[in-house]
Amino acid sequence: MNLPRTENLVPRQFVKNVLDFSSQYGREHSGSYTVANVRGCPTNYPKYGDFLESCVLRTYGKWWNDMSYSPAIDASIAKPFFISQDFIEVEFEEKVMIESVVIYENYNPGAVVALYALDYAKTRNKWIQIWSIFDNLNIKSIKNGLNRPLPRQESRKFRPNLTKKDVFSNVVRIELEHGKLDYYTELDAIEIVGYAFNFTLSKELGTNLRNVGDEFFSMKILSNKISEVTSECDNQNENEGVQLASNKPVSITDLPNELLTSIIRLLDLRDIFLLRSTCRKFYQLCSDRDLFNKLDLKPFWSQSNETLLATFCNIVCDFKALNLSWSKIEFSHIVKKFLSSLIKIYIK
């Protein structure tokens, strides 16, 4: 079936409002080097250079990481693939199934490292990562992310190949990392292209648009195949009367607790919580308070809330360091409870 793509396409939507941001170089209401300049159509592109009308963030260069007030928590567990230093959250006029995001960079390009969209259809207004710099790396590591090659010093329309295109939204978050830049990066405009959500065509959209619904359909097929194979194996075992009690294989839970704890420390926070829910033994090992007494929740800003923090409160009695940057957690009684033990806390 040939889908009438042009009839559903909502072309060239530029930023209507800036909802939130981490920093800006210019003063509020000054009009020069402020985040608000990212609104509307490009002003200076394709010109390359330093323009007052551009959106400029405060962070740049290696020196920022070396500043004494830069958040640095020596956590007891592994760090996730997260290198972002700044963010901008922007709103567009019309909600669409986002097909592409175009970022107009007109000075020192290469700082954009992640894109998110606020999903209104599937996940009840949750942030979904639609692209990351780590998607382009053959070997994923924080070091490789920080040492990524930078583009040529010229203006460009940066259009990353989105890894998730089934998100219905008009709110996009751009995250940036400036460690290798010699000077500030400047953004002229941000554009999204997408398709209007049409219930009568939703199935056709899911099967014809590239990557739209691929994850759902593949998981559904895989689930059916697993069910069929499991059913066949169960029937075969019943018929053959397989007896494996005498030759029971060694389980990972049979390993010493010290070794398992060392392995757990190689996982990041999300993986530890997933492992914690698998069985009673891993629940106990993953509830060790020493794993969480130095906690960096900044990489998990979209999942951080009062409920998550209350969960940590039940595990850890005395936080030593806590980073709540970018989260929406208020400075409530849960945080105040640990002020006596905290050595470092970041809440910007």
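The values are calculated or read from the model by the stated rules, or taken from the named source; none is laboratory data. These numbers come from a predicted model, not from an experiment. Heavy atoms of the whole protein, side chains included, go into the accessibility calculation; ligands, DNA and RNA do not. Shrake-Rupley method; radii C 1.70, N 1.55, O 1.52, S 1.80 Å.
Collect residues whose amide H, placed 1.01 Å from N in the peptide plane, falls under 5 Å from the amide H of I345; neighbours closer than 5 in sequence don't count.
L322
Ignoring everything but the protein chains, give the 1.4 Å probe accessible area of E53 in square angstrom, nearest 10.
80 Å²
With every atom except the alpha carbons ignored, what do you get for Rg and Dmax of the stretch 112-187, in angstroms?
14.0, 41
How would you classify the stretch 74-133 from its alpha-carbon gyration tensor, with a ≥ b ≥ c the square roots of the eigenvalues: rounded for a/c under 1.5, else prolate if a/b is greater than b/c, otherwise oblate?
Because a/c hits 1.5 or more and a/b fails to exceed b/c, the stretch 74-133 counts as oblate.
Please arrange R39, R148 by accessible surface area, largest first, computed with a 1.4 Å probe and ligands excluded.
In descending accessible area the options line up as R39, R148.
Can you sort C55, C279 by 1.4 Å-probe accessible area, starting with the largest?
Largest accessible area first, the list is C279, C55.
One-quarter of the Cα convex hull surface for the stretch 269-312, in nm²?
Over every viewing direction, the Cα hull of the stretch 269-312 projects on average to 3.1 nm².
Taking a 1.4 Å probe, which of C286, C313 shows the most accessible area, and what order do the others take after it?
Order by accessible area, largest first: C313, C286.
Could you state how much accessible area K95 has, in square angstrom rounded to the nearest 10, with a 1.4 Å probe and all protein chains kept in place?
80 Å²
In whole percent, and with a 1.4 Å probe on the protein chains, what portion of the accessible area of the stretch 11-166 is carbon and sulfur?
48 percent
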